[in-house]
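K.L.:
Quick one: the structure is below, questions incoming.
The values are calculated or read from the model by the stated rules, or taken from the named source; none is laboratory data. Nothing here was measured: the structure is a model prediction, and the numbers come from that model. So basically every Cβ, Gly included, is an ideal-geometry build from the backbone, and we count neighbours across all protein chains shown.
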Amino acid sequence: MQTLFRGLLMETLLYLAPLAGITDSPFRRLCKKYGADVLCTEMISSRGIYYKDRKTAELLSFKDEEQPIGIQLFGNDPDIMAYAAKVVEEKNPAFIDINMGCPMPKIVNNGDGCALMNDPLLAGKVIEAAVKAVKCPVTVKFRAGYSADRINAVEFAEIAEKSGASRITVHPRTRDQLYSGKADREIIAKVKNAVKIPVIGNGDIFSPESAKEMIEKTGCDGIMIARGALGNPFIFAYIKEYFATGSYSAVSAEKRLCEALWQTREMCSEKPEKVAVAEARKHLAWYVKGLRGSAKVRNEIMKAQTYTQTEQIITEYLKESRCIND
């Protein structure tokens, strides 16, 4: 998108980060509606694809309206990654992303995700195998390093570039930090200066102001938003409005919760209602966070078993809120 930023016309794409168990199709489409330029699926196991796991295959589906969208894979075996990349390319994604930054124990303990930052040469082979297997672009997402004494993002970025990656995304925390502490944007700046391929900045984007700071401090080519979009797909619209005008207007509580119900309905249309409502609870809790009386309505949402019950809870909450505000 073209935006006027500090008097300069800039090209700044906004990406929705791949988040396991969160960025399903309804949520992705809502983020797209509010300005996300590029979407990505949830993280998908290359081994699951290789062994034809049914649940893994279900994660590969997306709608045409979600384009441009990438499919994110994880794994540490070059041959299996190449096979998986060929399979998912048949879905016609805009790109294939390889996750080399997930810090969660169940991923890292299998040698996947951020564990690959401890073996850059193997990581390079995994990337190269995927690149050679497909025609679409292959991108890579990784962290600052595995731990404070093993920060190797620049070296890792250079290997990714040499291995054929078309773009990289950097989350400037170590694996040991998980999501604690502050993202060190200087690391992204160093990576940006070290490679020629586009660099996407990720980490601590919770407002338009923080998006502005990311660009100013790193010179990154795009911004990837993860936790900042939870219960807040509107953040993409806020950032675009802020970049264009210098200010932005937040949506009303009513609009916020109407979109939350839309998302829940869409989830129910794609999965058994009981499963969908259970999965929607965390999203609904994020949507009501910060609103007046949110603790009470959140507790009620957690007990809901059907969409009708969820809708009644939200509707009653909005009625009570209007009475209080009046």
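K.L.:
One residue is enough: does segment 35-45 have a residue meeting the conditions surrounded by fewer than 19 Cβ atoms within 10 Å (Cβ to Cβ), touching a helix residue (DSSP H, G or I) at 6+ places or on another chain (Cβ under 6 Å) and in the same structural domain as Ile127 (by TED's automatic domain parsing)?
P.N.:
Yes, because at least one residue in segment 35-45 is surrounded by fewer than 19 Cβ atoms within 10 Å (Cβ to Cβ), touching a helix residue (DSSP H, G or I) at 6+ places or on another chain (Cβ under 6 Å) and in the same structural domain as Ile127 (by TED's automatic domain parsing).
K.L.:
If you don't mind, there's one more thing I want to ask. Please go through segment 13-22 and give me each residue that is surrounded by 22 or more Cβ atoms within 10 Å (Cβ to Cβ) and not hydrophobic (A, V, I, L, M, F, W, C), ordered by number.
P.N.:
Answer for segment 13-22, where residues must be surrounded by 22 or more Cβ atoms within 10 Å (Cβ to Cβ) and not hydrophobic (A, V, I, L, M, F, W, C): Tyr15, Pro18.
K.L.:
Output the residue which, of all residues in segment 89-109 that are in a strand (DSSP E or B) and either modelled with pLDDT under 95 or out of contact with any Lys or Arg (no Cβ under 7 Å at 6 or more places or on another chain) (or both), is nearest to Glu66 (Cα to Cα).
P.N.:
Phe95
K.L.:
Something else: Looking only at residues that are assigned to a loop (DSSP other than H, G, I, E, B) and touching a residue at least 40 places away in the same chain (Cβ under 8 Å) in segment 38-84, which one is farthest from Ala20 (Cα to Cα)?
P.N.:
Per the criteria, the residue is Asp77.
K.L.:
Looking at segment 290-312, which of its residues are basic (Lys, Arg) and more than 26 Å from the chain's Cα centre (by Cα)?
P.N.:
Arg292, Lys296, Lys303 - these are the residues of segment 290-312 that are basic (Lys, Arg) and more than 26 Å from the chain's Cα centre (by Cα).
K.L.:
All but one of (1) in contact with a Ser or Thr (Cβ under 9 Å, 6 or more places away or on another chain); (2) touching a residue at least 60 places away in the same chain (Cβ under 8 Å); (3) under 21 Å from Pro18 (Cβ atoms) hold for Ile215, so report the exception by its number.
P.N.:
Tallying (1) in contact with a Ser or Thr (Cβ under 9 Å, 6 or more places away or on another chain); (2) touching a residue at least 60 places away in the same chain (Cβ under 8 Å); (3) under 21 Å from Pro18 (Cβ atoms), Ile215 fails exactly one: (3).
K.L.:
Would you point out which residue out of Asn232, Asn299 is in the same structural domain as Thr12 (by TED's automatic domain parsing) and either surrounded by fewer than 20 Cβ atoms within 10 Å (Cβ to Cβ) or polar (S, T, N, Q) (or both)?
P.N.:
So the residue among Asn232, Asn299 that is in the same structural domain as Thr12 (by TED's automatic domain parsing) and either surrounded by fewer than 20 Cβ atoms within 10 Å (Cβ to Cβ) or polar (S, T, N, Q) (or both) is Asn232.
K.L.:
Does segment 110-122 contain at least one residue that is of a type in the set (D, E, K, R), over 25 Å from Ile205 (Cα atoms) and not in a loop (DSSP other than H, G, I, E, B)?
P.N.:
Checked segment 110-122: no residue is of a type in the set (D, E, K, R), over 25 Å from Ile205 (Cα atoms) and not in a loop (DSSP other than H, G, I, E, B).
K.L.:
While we're looking at this one, here's another question. So for segment 142-149 (the condition being in contact with a Ser or Thr (Cβ under 8 Å, 6 or more places away or on another chain), of a type in the set (A, V, I, L, M), assigned by TED's automatic domain parsing to the domain that holds Ala20 and more than 14 Å from Asn76 (Cα to Cα)), does at least one residue qualify?
P.N.:
Within segment 142-149, one or more residues are in contact with a Ser or Thr (Cβ under 8 Å, 6 or more places away or on another chain), of a type in the set (A, V, I, L, M), assigned by TED's automatic domain parsing to the domain that holds Ala20 and more than 14 Å from Asn76 (Cα to Cα).
K.L.:
Please enumerate the residues belonging to segment 201-223 that are outside any helix (DSSP H, G or I) and surrounded by fewer than 24 Cβ atoms within 10 Å (Cβ to Cβ).
P.N.:
Asp204, Phe206, Ser207, Gly219, Cys220, Asp221, Gly222
K.L.:
Tell me which residues, restricted to segment 231-252, are touching a Phe, Trp or Tyr at 6+ places or on another chain (Cβ under 9 Å) and assigned to a helix (DSSP H, G or I).
P.N.:
Passing the criteria: Ile235, Phe236, Ala237, Tyr238, Ile239, Lys240, Glu241, Tyr242, Phe243, Ala244.
K.L.:
Related question: So if I check each of Val191, Val195, Val199, which one is under 20 Å from Met117 (Cβ atoms) and in contact with a Cys (Cβ under 8 Å, 6 or more places away or on another chain)?
P.N.:
Within the list Val191, Val195, Val199, the selection yields Val199.
K.L.:
Is it true that Lys86 is of a type in the set (Lys, Arg), in the same structural domain as Val138 (by TED's automatic domain parsing) and modelled with pLDDT of 95 or more?
P.N.:
yes
K.L.:
Of the residues Asn118, Asn152, Asn202, Asn193, which is over 22 Å from the mean Cα position of the chain (by Cα) and within 30 Å of Gly246 (Cα to Cα)?
P.N.:
Asn193
K.L.:
Related question: In segment 166-181, what count of residues is obtained for those that are within 19 Å of Lys192 (Cβ to Cβ) and part of a loop (DSSP other than H, G, I, E, B)?
P.N.:
1
K.L.:
Further, regarding this structure: From the list Glu259, Glu241, which one is assigned by TED's automatic domain parsing to the domain that holds Tyr15 and within 19 Å of Leu16 (Cα to Cα)?
P.N.:
Glu241
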